[in-house]
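A.B. asks: Right, I'll just put the structure down here and ask away after.
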Amino acid sequence: MKLPEITRGEHEIIQVKIAMSYPLRWVNSYLIGGSSGWSIVDPGPRSADNEQAWQHVLDTLGIPLPTIRSIVLTHHHPDHYGLSGWFQQQCGMPVWISERALAEANRSWSRGNTAASDLVHLFASHGMPEEITSRLPAHLDSFVPQVVPQPEVTFIQPGQMLEIGDRLWETIETSGHAAGHISFYQPEQRLMLCGDAVLPQISPNISLVPGSDPSPLESYLTGLRQLGQYEVDLAYPGHRRPFTHFRDRTEKLLLHHEERLQAMEDRIRDQPRTGYEVCSGLFNNELTLHQLRFAMSETLAHLVELERLGRAVRQEQGGIISFSAK
C-alpha cells in the first residue's frame, strides 16, 4: 500500500490524497479542525487499503478517531462518498449530504437498483454495440464494494450555513457533474470547497444518466455561472491541487463546453450520427471500459443540449437514435 500524501495547507485545512482507480489515481479528502473536533470532507472510496491509509493519516497527525465529529460529502460518486458509512460505523458521527445526492446514491447503489440495466438500454439505443454494453453490468457492480455500508445521513439544504471547523460555510447546490452536488463557501476567508464542480487542469465529467438530470450540461453551465460570481481566494477541489484562479477557471470551463458543443455539432452536420458514432469520432479509441462509459455519457449530455438549444434534431429508426445538425 502506498501511503497517502498529507499536506498541511493554509486556514487549518489538511489535504489528504486517498487512492482511487485509474486514470485519476487519487481523490482529495480534507481534514478541517475545530474546537470540538474534526470534520472530513469526502473521505474517498472504501477499500481495505484506504481504511489502513486513513488510520495511518490519523496516527501521523495525532487525531484520535473519536474526535472526527462529522463527515461532509460534496456528492454521491464512490470516490467521494464511499468510506462515509464505514467511518460512521466506527464512531457514529453524522454524515452530511444533500437530499438530491442521497437520492442519486440510492438510485445507483441500493439493493435491487436498475442503474446498470437502464444504462445498457440507454447506450444501446444510442448505437453502442452489444459486445460493449454486455460488459457494463459487471463493470458497474465492481463499484459496489467501494460504497458499503451506506451511511445514515443528515440533509444539507441549499443556502444553509454549515459549521465546519469553527467556521460557517455557505452551501451551494449545483448539478451537472452529479445531481445534488454541494460546494461550500467560507465568506470571511473567501475559501471554496468545490468538490468536482470546478477542477483545475481537467474538466469534470458531465454525464447523461438514466433517471437523473435530463439536461446535465445545461445544469452544469448554470452552476458554473453561479459559482463564478463568488469572490474566491483559494479553492479546494476534489482532484488535483488547491488553486487560486477560481473565477477564471469557471470561465475557461464554460468556453471548453461551448467548443465541445461546436465540435459535436460539426460531427453531425454532414449526416445523422448516433451518439456512439459521435463519441468514437471525438474520443481516443484506446479507452478503457470505464473511460468509454464516461465518454459516451458526456457525448450524450452534449447532444441532448444541442437538441435543447435547437441546434440538433433526433431521429429514431429501428429503436436506434441518431442526431443531425439543424
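A.B. asks: Restricting to region 82-112, count the residues that are touching a residue at least 12 places away in the same chain (Cβ under 8 Å) and over 18 Å from SER207 (Cα atoms).
C.D. replies: Of the residues in region 82-112, 18 are touching a residue at least 12 places away in the same chain (Cβ under 8 Å) and over 18 Å from SER207 (Cα atoms).
A.B. asks: Give region 153-191 a look and list any residue that's part of a loop (DSSP other than H, G, I, E, B), among the charged types (D, E, K, R) and in contact with a Phe, Trp or Tyr (Cβ under 9 Å, 6 or more places away or on another chain), or say none. So that I can check it myself, show each step before the final result.
C.D. replies: Restricting attention to region 153-191, the residues satisfying the condition of being part of a loop (DSSP other than H, G, I, E, B) are 157-160, 165-166, 175-180, 187-190.
Filter once more, keeping what is among the charged types (D, E, K, R): 166, 188, 190.
Listed by number, the list holds a single entry, ARG190.
The rows are residues; the columns are (1) of a type outside the set (Ser, Thr, Tyr); (2) farther than 22 Å from LYS326 by Cα; (3) under 19 Å from the mean Cα position of the chain (by Cα).
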| position | (1), (2), (3) |
| --- | --- |
| ARG241 | yes, yes, yes |
| ASP248 | yes, yes, no |
| GLU259 | yes, no, no |
| GLN262 | yes, no, no |
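A.B. asks: Tell me which residues, restricted to region 96-118, are surrounded by 20 or more Cβ atoms within 10 Å (Cβ to Cβ) and either within 16 Å of THR274 (Cβ to Cβ) or among the acidic types (Asp, Glu) (or both).
C.D. replies: Answer for region 96-118, where residues must be surrounded by 20 or more Cβ atoms within 10 Å (Cβ to Cβ) and either within 16 Å of THR274 (Cβ to Cβ) or among the acidic types (Asp, Glu) (or both): just GLU104.
A.B. asks: Within region 275-296, take every residue that is surrounded by fewer than 21 Cβ atoms within 10 Å (Cβ to Cβ) and in contact (Cβ under 8 Å) with a residue 40 or more places away in the chain and give me the one that is farthest from the chain's Cα centre (by Cα).
C.D. replies: Of region 275-296, the ones surrounded by fewer than 21 Cβ atoms within 10 Å (Cβ to Cβ) are 277, 280-291, 294-295.
Still in the list and also in contact (Cβ under 8 Å) with a residue 40 or more places away in the chain: 277, 288-291, 294.
On the way: GLU277: 25, THR288: 19, LEU289: 18, HIS290: 14, GLN291: 14, PHE294: 11 Å.
The selected residue is GLU277.
A.B. asks: Further question: Residues of region 1-26 being free of Cβ contacts under 8 Å to residues at least 12 places away in the same chain and under 14 Å from ASP49 (Cα atoms), which ones? Working first, answer last.
C.D. replies: Step one: list which residues in region 1-26 are free of Cβ contacts under 8 Å to residues at least 12 places away in the same chain, which gives 7-8, 25.
Listed by number, the list holds a single entry, ARG25.
A.B. asks: On the given criteria, is SER35 surrounded by 14 or more Cβ atoms within 10 Å (Cβ to Cβ), more than 26 Å from LEU292 (Cα to Cα) and among the small types (Gly, Ala, Ser)?
C.D. replies: no
A.B. asks: Could you please find all residues in region 65-84 being closer than 17 Å to TRP38 by Cα, surrounded by fewer than 23 Cβ atoms within 10 Å (Cβ to Cβ) and either of a type in the set (Val, Ile, Thr) or within 20 Å of the chain's Cα centre (by Cα) (or both)?
C.D. replies: Result: THR67, ILE68.
A.B. asks: Could you list all residues from region 259-272 that are within 16 Å of ALA301 (Cβ to Cβ) and surrounded by 16 or more Cβ atoms within 10 Å (Cβ to Cβ)? Show your work before the answer.
C.D. replies: Within region 259-272, the subset within 16 Å of ALA301 (Cβ to Cβ) is 259-265, 267-268.
Hits for region 259-272 are ARG260, LEU261, MET264, GLU265, ARG267, ILE268.
A.B. asks: Here's something else I'd like to know. Limited to region 196-211, what total is found for residues that are at pLDDT 95 or above and touching a helix residue (DSSP H, G or I) at 6+ places or on another chain (Cβ under 7 Å)?
C.D. replies: The number of residues fulfilling the criteria is 10.
A.B. asks: Under 8 Å between Cβ atoms, which residue pairs at least 6 apart in sequence (or on different chains) link something in region 232-245 that is aliphatic (A, V, I, L, M) with a partner that is assigned to a loop (DSSP other than H, G, I, E, B) and crowded, with 19+ Cβ neighbours inside 10 Å?
C.D. replies: LEU234/PRO242; ALA235/VAL198; ALA235/PRO242
A.B. asks: Can you pull out every residue in region 297-326 that is under 23 Å from SER219 (Cα atoms), loosely packed, with under 15 Cβ neighbours inside 10 Å and either of a type in the set (A, V, I, L, M) or modelled with pLDDT of 95 or more (or both)?
C.D. replies: Hits for region 297-326 are ARG308, LEU309, GLY310, VAL313.
A.B. asks: Also, I was wondering about something else. Pairs, please: C-beta under 6 Å, at least 6 apart or cross-chain, first residue surrounded by 20 or more Cβ atoms within 10 Å (Cβ to Cβ) and in region 145-165, second among the charged types (D, E, K, R) and in a loop (DSSP other than H, G, I, E, B)?
C.D. replies: These pairs meet every condition: GLN146/ARG46.
A.B. asks: Out of the residues in region 182-198 that are farther than 17 Å from GLY9 by Cβ and in contact with a His (Cβ under 9 Å, 6 or more places away or on another chain), which is surrounded by the fewest Cβ atoms within 10 Å (Cβ to Cβ)?
C.D. replies: Taking the candidates together, the pick is ASP196.
A.B. asks: Follow-up. Identify, by number, the condition in (1) part of a helix (DSSP H, G or I); (2) touching a Leu at 6+ places or on another chain (Cβ under 8 Å); (3) closer than 30 Å to SER183 by Cα that VAL278 doesn't meet.
C.D. replies: Status for VAL278: all satisfied but (3).
A.B. asks: Please identify the pairs in which a residue from region 113-136 that is under 20 Å from SER322 (Cα atoms) has its Cβ atom under 7 Å from the Cβ atom of a residue that is of a type in the set (A, V, I, L, M, F, W, C) and surrounded by fewer than 17 Cβ atoms within 10 Å (Cβ to Cβ), counting only partners at least 6 apart or on another chain.
C.D. replies: Once the first residue is under 20 Å from SER322 (Cα atoms) and sits in region 113-136, its partners that are of a type in the set (A, V, I, L, M, F, W, C) and surrounded by fewer than 17 Cβ atoms within 10 Å (Cβ to Cβ) give SER125/ILE320; GLY127/ILE320.
A.B. asks: I'd like the residue in region 114-158 that is in contact with a helix residue (DSSP H, G or I) (Cβ under 8 Å, 6 or more places away or on another chain) and of a type in the set (D, E, K, R) and, out of all such residues, is modelled with the lowest pLDDT.
C.D. replies: Selected residue: ASP141.
A.B. asks: As an exercise: evaluate PHE283 against (1) closer than 19 Å to ARG135 by Cβ; (2) modelled with pLDDT of 95 or more and give the number of the one condition it does not meet.
C.D. replies: So the condition that PHE283 fails would be (2).
The values are calculated or read from the model by the stated rules, or taken from the named source; none is laboratory data. This one's a predicted model, so the numbers in the text were calculated from it and none came from an experiment. Counting neighbours? That spans all protein chains shown, and the Cβs are built from the backbone with ideal geometry, glycine included.
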